[in-house]
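Scroll down for the structure; my scribbles are underneath it.
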Amino acid sequence: MTGNFIVERENRHSSDPFLLSVIVLLLGIGLTFLFSASYPNALRLNKAPEFFLLRQAVMAAAGFAGALFLMNIPIEVLKKLVFAVVLTSLLLSVIVLLAGRDIQGARRWIIIGGRSFQPSEVVKLALILYLADVFSKKEDSLDSFYSLSHPLVMVLLFSLLTFAQNDFSTAVFLILIGSAIFFIAGVKFRYFFTGFLASVPFLLILVFSREHRVKRLIAFLDPDKDPAGVGYQIIKAREALISGGFWGKGIGSGLKKMGTLPEAHSDFIFAVIGEEAGFIGILIIIILFAIFAARGYMISYRCTDRFCFYTGFGITTSILYQALMNMAVVSGAVPATGIPLPFFSHGGSSIMVTLLMCGILLNLSRSTKNERELPL
Amino acid sequence: MKSSTLELRKKIFLIGTVLIIVLIIIRYMSLMLFSPAGGDDSVTHKPVVERGPILDRNGRILAIQTRLYSVTAWIPSIKDVGKTASIISEVLEIDKNQLIQDISSRSRFMYIKRKISNSDAENLRGYIDKGDLPGIGLEPEYGRSYPEKELASHLIGYTGTDNTGLEGIEYTYNSILSPPSTQSIGNSRDIYGNQVFLTIDINIQNFAHQAALEAWEKYNPDSVMMIAAEARTGDILAYVSIPEVDLNNFSASQAGDRINRPVANAYEPGSVFKIFSIASFLQLGGIDEQSEFYCNGFFEINTEGTNPVKIKCLGNHGAVTPETILKYSCNAGAAYASLTVSDESFYRMLKLFDFGERTGVLLPGETVGLLREDRLWSIRSKPTISFGQEISVSAMQIVKAASVFANEGVMLQPHIVSKVVEHDGKVVDKSVREPIRQVISPETASSVLHMMTTVADADGGTGRRAAVDGITMAVKTGTAQKLDKQTGKYSENEFISSCLAVFPAEDPQIIVYNVIENPKKVSYYGGVIAAPLVGDLSDKIVSYLGIPRTGDMVINHPGKITIKQKPPLTLEDKVPDFTGMSKRELLPLLKDNRVKVLITGDGWVRNQNPPPGTDVVDGLNIRLELE
């Protein structure tokens, strides 16, 4: 037994079992409801009822394997990977624009080995890693506009590339994550203020430049105006939730997924959960996400390494706020956008990247545990 | 960097996040647990309401809920727009290119066609099940079917795509047929509307409809109206207005065909109106049954200085009495009779008949007609109104007003709905005879009714063609010149022919009224074309309802069989024969203190001990075996 080995063991503690169980729980519940919500659609497409479940499970397995890998590599290796990840995601974002496949009027997918892949999901991770890297190095020069300009340009570039894929909501979401990291890094309030003012006209232009966005906005403000058109989904989701009541109709016994509620297995899966598991089910899932976030923020706040702190913060924020945005959309509290519910919504890229992020977060938890025990 | 600032920011961020989570929980809580039952306008779900049927007075279905399918499209799921469109356009027989355009112009959800036929739905279902139509769905929707098609179409009305009534009873009884839901959303879905029973009798409606259609063919008029009513209750038995619409396909009809003429059209009634003016003059005491006027072919009054009023009569009737005024429809006679009363009193009488007022029958779009106030009358007004000009009425107003002659001077509210019944059979509303007011005295009513019987006399009565075998008909015909809207004068070649009948005159039960607007063939005289129609329909109604005709062998049968109740069983001094008695019949026996009764079994008495004829003594045991 060498002393070196003991230090290694102490520094690289086993990952946070609490966080791990929450992740496994969310994934398990997610797959269960995915099956319940997707089988009617699978049958409609003349596929086996477990068609979507299997697809999702395969991607989740791949993501889990990736997560295991990321969980066990040293942080220094991860830091070195940042450049490669950023470059790859930028490349993919450009490729998708040139050679991507159009689905539902948006060019967001690349076909790799017969499977479609959505680069904008990877971009989320790339952006977080990039900002973590930059801010951990520029810790003391955050007051100058010059030093801020690089990260700012990158956030806008990622966002613009995503926007060009006609993925307005993810583009906005990237800016949101960027802002969160800027905020936590200590960027002055006046910069935020200026940035906010500067972006308002842009946002307005972007929203009103596409007919479907305006329609969605109108549908959000008044779903009953066009109940057969854009407002339809919002109305049906709300009906599903209301019919769920407190206890729900029982898992698997929902009716709205049977063809009434479009996108029941992807963006609007939370409505199916509400219908089948009731408010109690909704509450449990929100609490699980809250525990996940609490654990994630705790891990990141305890990091002494700034890179780890920003990465942990960014990942937790990304997953939590995707979930919150999705829930807000489903409940009709914000206009309909295409933000998936992490762990739940059908989407290979989404589940994979979510699990990869969890792998990194678990990795961070391994090194923090020890540091907490060290007298600082 | 100032670590205190960073700590503060961490805290702000955490607090903000917690706040958002709490807000989302509250949002879901309010949505899922505290959604008010329909009060919140953000909840748009309409529970499935089964719209109640409309039936005739005997329960024959006139309108009923159907379940049809609508074709929906979730556009993001459509893979091949061209293929999808070609399959659908072929099945539904719609334009393919238009469909492709429609699908491309929408981004999410759309209805391709609502309420398709069941066979089309089955066809499409086949394609959907095969997986040929991704994104296309069939959504059940409730529609309305009218098994009798155009029969009584204006009375029944129709519903729109969302199954709310747009016309007729469907409109006025909309909230009764499909009650607005007050139940909470989502759970309780079975809401059944009430059944509305009309007063019409589908058979009489059919007779009237056929008669009207024949007139339509024969005289090529602009419209034919035919109303039959129960004289003593005000219930409308038949309600025909031609042109009419097939209610199952009302959208294909022309707007003009959808006009509910018997309540919506105001026209000058012509000579039929004389019965109301003669009744008024009699009631006001201006004339009596013996009053005599002289018709030399004209009605003339010479007023000092102003233009003399001169109105031509249709004939040279000589001396006329109220009776012959009606019988020969003498305009001059009616006009002279009008001079016996003042403008004001005549106007008030006409108001008592509810002319110039809606009849109160529950149909949309009713006209009030036109009855000018007496202060606006000219010197010509009173005489011309007395024979039915310068006043406009609806057919329903005439039928309503005519009810006075059958009810000893009392006018009745006409009804079109006989009862409203809940889906479980509970009667919630039932129409009853609803007297409005005593308009004329019983004597005046019977007097005018008697005069009207002479109109049907074979010796020159204008209504002789309305005569019915073995029935005393009280009739009045009318031929009014239509007002030419362009010139404002009476048209020389457009007429409104009408005929009213109340029968049997001794015991009025039925009122029939027929109006033929602008007949273009054969004739335009009410007595020639409307009267036979009324006669035909009346004849059929008489047979159908079994109204006795004179000369018929009348078997006076009360129509019910009375079973004589046995006197309650009492014990005399001998034991009677109990055989065949029920337990209930044996009950009084138990009251008799002298005997003890022992009953075994159920049913009727088969054996008894002691046998009949045994003396009854105190303490006698009577055993009865029932089977």
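None of the figures in this text is laboratory data; all of them are computed from the coordinates on show. Source: prediction; values computed, not measured. Don't worry about glycine lacking a Cβ; one is built from the backbone with ideal geometry, like all the others, and counts go over all protein chains shown.
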Using a 10 Å cut-off on Cβ atoms, rank the peptides B:235-241, B:618-624, B:318-324, B:291-297 from the highest mean neighbour count down. B:235-241, B:318-324, B:291-297, B:618-624
Mean projected area in nm² (Cα convex hull; one quarter of hull surface) for the protein assembly as shown: 70.5 nm²
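Short version: what are the Cα gyration tensor semi-axes of segment A:241-316, square root of 5 times each eigenvalue, largest first, in whole Å?
35, 14, 6
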Protection proxy ranking, peptides A:346-358, B:459-471, average beta carbon neighbours within 10 Å, highest first: A:346-358, B:459-471
For chain B, return all DSSP H helices satisfying: extent of Cα atoms along own axis at least 27 Å; mean Kyte-Doolittle hydropathy at least 1.0. B:3-33
In sequence order, calculated HN-Hα J values of segment A:213-218 (Karplus, 6.51, -1.76, 1.60; Hz; x Gly/Pro): 5, 4, 4, 5, 5, 5
Give the percent of DSSP beta bridges with both residues in the protein assembly as shown that are antiparallel, rounded to the nearest 5. 90 percent
Could you give me D for chain A, from Stokes-Einstein at 10 °C and 1.306 mPa s, where the hydrodynamic radius is the Kirkwood radius over C-alpha pairs? Units µm² s⁻¹, please. 73 µm²/s
Mind listing the long-range amide H neighbours of B:Thr72? Cut-off is under 5 Å, sequence gap 5 or more, other chains count too, H placed in the peptide plane at 1.01 Å from N. B:Ile112, B:Gly137, B:Leu138, B:Glu139
Using only Cα atoms, what Kirkwood radius does segment A:173-258 have, in angstroms? 16.4 Å
Quickly estimate the mean residue ellipticity at 222 nm for chain A, helices only: each DSSP H run with n ≥ 4 gives -39500 (n - 2.57), and the total goes over all residues, rounded to 500. -25000 deg cm²/dmol
A correct Karplus calculation of ³J(HN,Hα) over segment B:290-298, with 6.51 cos²θ - 1.76 cosθ + 1.60, θ = phi - 60°, whole Hz and x for Gly and Pro, returns 8, 3, 10, 10, 10, 10, 10, x, 9
Go through segment A:78-94 residue by residue and turn each phi into a ³J(HN,Hα) via Karplus (6.51, -1.76, 1.60, θ = phi - 60°); whole Hz please, and just put x for glycine and proline. 4, 4, 6, 7, 3, 4, 5, 4, 4, 4, 4, 5, 4, 4, 4, 4, 6
Quick one: if the Förster radius is 35 Å, what FRET efficiency do B:Asp162 and A:Leu221 give, using the C-beta to C-beta distance and rounding to 0.05? 0.95
With runs of 4+ DSSP H residues as the only contributors, calculate the mean residue ellipticity of chain B at 222 nm using -39,500 (n - 2.57) per run, divided by the residue total and rounded to the nearest 500. -8500 deg cm²/dmol
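Between beta-carbons, use under 11 Å as the cut-off and find the net charge around B:Lys596, counting Lys and Arg +1, Asp and Glu -1. Let's see the in-between values first.
Numbers: positive: B:Arg594, B:Arg623; negative: B:Asp592, B:Asp618.
With Lys, Arg at +1 and Asp, Glu at -1, the neighbours total 0.
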Relative to the longest principal Cα axis of chain A, at what angle does helix A:189-209 sit, 0 to 90 degrees, rounded to 10? 30 degrees
From the Cα centre of segment B:455-523 to that of segment B:253-302, the distance in Å is 11 Å
Setting aside same-chain residues fewer than 8 positions from B:Lys591, which lysines have a Cα under 25 Å from its Cα? B:Lys564, B:Lys566, B:Lys574, B:Lys583
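Average projected area of the Cα convex hull of segment B:559-627, in nm²?
For segment B:559-627, the mean projected area of the Cα convex hull comes to 5.1 nm².
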If Lys and Arg each add +1 and Asp and Glu each add -1, what is the summed charge of the other residues whose beta carbon sits under 13 Å from the beta carbon of A:Ala42? +3
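If eta is 0.692 mPa s and T is 37 °C, what Stokes-Einstein diffusion coefficient results for segment B:49-198, Kirkwood Rh from Cα pairs, in µm²/s? Present the calculation step by step, with values, prior to reporting the outcome.
Numbers: Rh = 17.2 Å.
Rounded, D is 191 µm²/s.
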Taking chain B, the whole-percent share of alpha-carbon pairs separated by over 48 angstrom is 41 percent
Relative contact order as a percentage, segment B:205-545, C-alpha pairs under 8 Å and 6+ apart, gives 22 percent
What residue among A:Ala240, A:Ala37, A:Ala328 has the largest mean-square fluctuation in a Gaussian network model of chain A, using Cα springs under 10 Å? A:Ala328
Rounded to whole Å, sorted largest first: equivalent-ellipsoid semi-axes of segment B:250-312, Cα gyration tensor: 39, 19, 10
Angle check, please: helix A:231-244 long axis (alpha carbons) against the longest principal axis of chain A (alpha carbons), in degrees 0 to 90, nearest 10. 80 degrees
Would you please give the FRET efficiency between B:Ala255 and B:Val368, computed as 1/(1 + (r/R0)^6) with r the Cβ-Cβ distance and R0 = 35 Å, to the nearest 0.05? 0.95
Once both labels are modelled 7 Å past Cα along the beta-carbon direction, what's the B:Arg125-B:Glu408 spacing in nm? 6.2 nm
Amide H to amide H, which residues 5 or more places from B:Tyr490 or on other chains are under 5 Å from it, using H placed in the peptide plane? B:Asp484
If every Lys and Arg gets +1 and every Asp and Glu gets -1 at its Cβ, then about the Cα centre chain A yields a dipole, in debye to the nearest 20, of 340 debye
Cross-link reach from A:Lys138 to aspartates and glutamates, straight Cα distance under 15 Å and at least 8 residues apart if same chain, gives A:Asp305
Between the helical axis of A:269-302 and the dominant principal axis of chain A, each derived from Cα atoms, what acute angle in degrees is found, rounded to the nearest 10? 10 degrees
Given 25 °C and 0.890 mPa s, how large is the Stokes-Einstein diffusion coefficient of segment B:324-454 in µm²/s, with Rh as the Kirkwood radius over Cα pairs? 148 µm²/s
hull vol. (C-alpha, convex hull) per residue for segment B:205-545, Å³ -> 143 Å³
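How big is the dipole moment of chain B about its Cα centre under a simple scheme where the beta carbon of each Lys and Arg is +1, that of each Asp and Glu is -1, and everything else is neutral? Debye, nearest 20, please.
On the way: 65 positive and 74 negative charges, 442 e Å.
In debye, rounded to 20, chain B gives about 2120.
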The lysines whose Cα lies under 21 Å from the Cα of B:Lys149, excluding any fewer than 8 residues away in the same chain, are B:Lys115
What number comes out for the charge environment of A:Ala336, summing +1 per Lys or Arg and -1 per Asp or Glu over other residues with Cβ under 11 Å away? +2
Would you tell me the mean number of C-beta atoms belonging to other protein chains that fall within 10 Å of each C-beta in B:95-107, as a whole number? 1
